[in-house]
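Shown next, in structure tokens, is the structure this report addresses.
Nothing in this text is a laboratory measurement; each read-out follows from the coordinates by a stated rule. Predicted model only: the values in this text are computed from it and were never measured. So basically every Cβ, Gly included, is an ideal-geometry build from the backbone, and we count neighbours across all protein chains shown.
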Amino acid sequence: MASETSYNNNGGDEGEEEVPAQIADLANARTPSGMRGIRACKRCGLLKTLDQFLDEGCDNCPFLDMADNPDRANACTSAFYEGQAAVMDPRESWAAKWIRVDAFMPGVYAIAVTGFLDRDIEEDLENRGIRWRCRPVGSTND
């Protein structure tokens with residue numbers, strides 16, 4: 001009789017092994033659900049379809065309040081970006097460090113994003129003490 005090992009991420013019962021946070025993050029990674037209508041978050045560069053941003057918001061930037069807000073999702077994302085990189089383990093990936101997404105969730109990221117957040121969104125984020133630096137094309141400065 002084979003024994004089964006189940007995994008959880010919240011301490012669970014005896015006989016269950018705890019899932020490392022890295023694996024749990026990977027299991028929750030979001031990728032674009034289709035090839036059409038892909039947009040990039042202007043702050044972190046995460047790629048999703050507009051519908052995904054409307055349904056879930058941005059995994060890295062929940063404070064942008066894109067879920068269920070079409071105007072905000074359009075203002076905080078861009079259809080214009082250069083390149084893409086699938087990042088499975090951001091903390092260990094040299095590519096994630098190079099495109100500066102090593103502190104974010106696993107997912108597919110734009111190498112560079114064209115566009116900036118609207119001034120009123122920038123001011124709102126500044127007032128809330130949130131770092132909002134966008135990822136513009138050709139920018140090498142922090």
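Brief remarks follow.
- Close amide H pairs (under 5 Å, H built 1.01 Å from N) link Tyr81 with Thr114, residues at least 5 positions away or on another chain.
- Loop-located trypsin sites (Lys or Arg not before Pro) in the range 49-103 (DSSP state not H, G, I, E or B) with no more than 16 neighbouring Cβ atoms inside 10 Å: Arg91, Arg100.
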